[in-house]
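The values are calculated or read from the model by the stated rules, or taken from the named source; none is laboratory data. Remember, it's a predicted structure, so these values are computed and weren't measured experimentally. Virtual Cβ from ideal backbone geometry, glycine too; neighbours counted across all protein chains shown.
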């Protein structure tokens, strides 16, 4: 009995079909493994934020306690110490961005990621480059303010200029490739 070219496959095996569906479902649910990375990265971020806040509070308390002892309170070393705290907080921001973006991209979209402009891995990459450039600028500012060894500061500035140029070059051409 010939049914023509539109006949249904006769030899379909239901157990194999169920196995494929099960495997497909398991593979589709592996994206939840990203939750491990999200929780780890957010824990790192929160830890850095908390320690940065504690360090800030200690520095501010010390500044207030010893303010009457000094005629000008904001010494160069104190400014550098505060810049180090800012640098640490910016590093925490990187971990926070990565954690939130991973969750938003792999688990469920978050409005905060849309607000921050992170809708894809490419957007995350661009935001990370932005924050890294700011961190490098703060690091340079620390060295510049201290001005202990001008030769080393100059070498540091040149090397930072090369790194920032490479990051900007990479970002420019990766964004240009997308459009």
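Computed quantities for the displayed model
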quantity: Verdict on residue 83 being in a helix (DSSP H, G or I), in contact with a helix residue (DSSP H, G or I) (Cβ under 6 Å, 6 or more places away or on another chain), under 24 Å from residue 163 (Cβ atoms) and modelled with pLDDT under 90; calculated: yes
quantity: Of residues in segment 147-179 being more than 20 Å from residue 124 (Cβ to Cβ) and touching a helix residue (DSSP H, G or I) at 6+ places or on another chain (Cβ under 6 Å), the one modelled with the highest pLDDT; calculated: 160
quantity: Single residue of 166, 92, 157 found to be closer than 30 Å to residue 39 by Cα and assigned to a helix (DSSP H, G or I); calculated: 92
quantity: Only listed residue being surrounded by 12 or more Cβ atoms within 10 Å (Cβ to Cβ), under 30 Å from residue 82 (Cβ atoms) and either in contact with a strand residue (DSSP E or B) (Cβ under 7 Å, 6 or more places away or on another chain) or free of Cβ contacts under 8 Å to residues at least 12 places away in the same chain (or both), chosen from 57, 53; calculated: 53
quantity: Condition met for residue 157 (surrounded by 12 or more Cβ atoms within 10 Å (Cβ to Cβ), under 18 Å from the mean Cα position of the chain (by Cα) and closer than 23 Å to residue 77 by Cα); calculated: no
